1. When the residues of the range 68-114 are filtered to those that are in contact with a helix residue (DSSP H, G or I) (Cβ under 8 Å, 6 or more places away or on another chain) and closer than 22 Å to residue 11 by Cα, which remaining residue is surrounded by the most Cβ atoms within 10 Å (Cβ to Cβ)?
2. Name the single residue that is nearest to residue 109 (Cα to Cα) among those in the range 34-58 being aliphatic (A, V, I, L, M) and open to solvent by 50 Å² or more (accessible area, probe 1.4 Å).
3. Name the residue that is farthest from the chain's Cα centre (by Cα), counting only residues in the range 4-22 that are of a type in the set (Ser, Thr, Tyr) and in a strand (DSSP E or B).
Amino acid sequence: QVQIVESGGDLVQPGGSLRLSCTASGTDFRSYSMGWYRQTPGNQRELVASFSRGGNIIYTDSVKGRFTISRDNAKNTVYLQMDSLKLEDTAVYYCRVVYGASGYWGQGTQVTVSS
């Protein structure tokens, strides 16, 4: 079982920045595939950015050039730096960890972009 703790969600104005953090338990963090997803009411959870075990990074088109995913293996933490935030980035952001055949979700952190 992997425990996940997310933080960093907040209310921010359009054009602002936030950094989300996701810390996962366990001693084999380097083997985790990790990613950030988001969900708005009435919609499916969608991939925002992901870090595969092999180190490949994927971004959904709407965040390319604005969001950056990174990881610190020494801290068991993955980050999502979000710049130039837009109203449509408002959502609950979830961290996902895939380890072997198992997947785990964090509890979510609310990001609200509003003027």
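The values are calculated or read from the model by the stated rules, or taken from the named source; none is laboratory data. As the structure is a computational prediction, the values presented were derived from the model and not from experiment. Here Cβ is always computed from backbone atoms with ideal geometry, including for glycine, and neighbour counts include all displayed protein chains. These area figures cover heavy atoms from the full protein model, side chains too; ligands, DNA and RNA do not enter into them. Shrake-Rupley method; radii C 1.70, N 1.55, O 1.52, S 1.80 Å.
1. 82
2. That would be 47.
3. Among those residues, the one meeting the criterion is 7.
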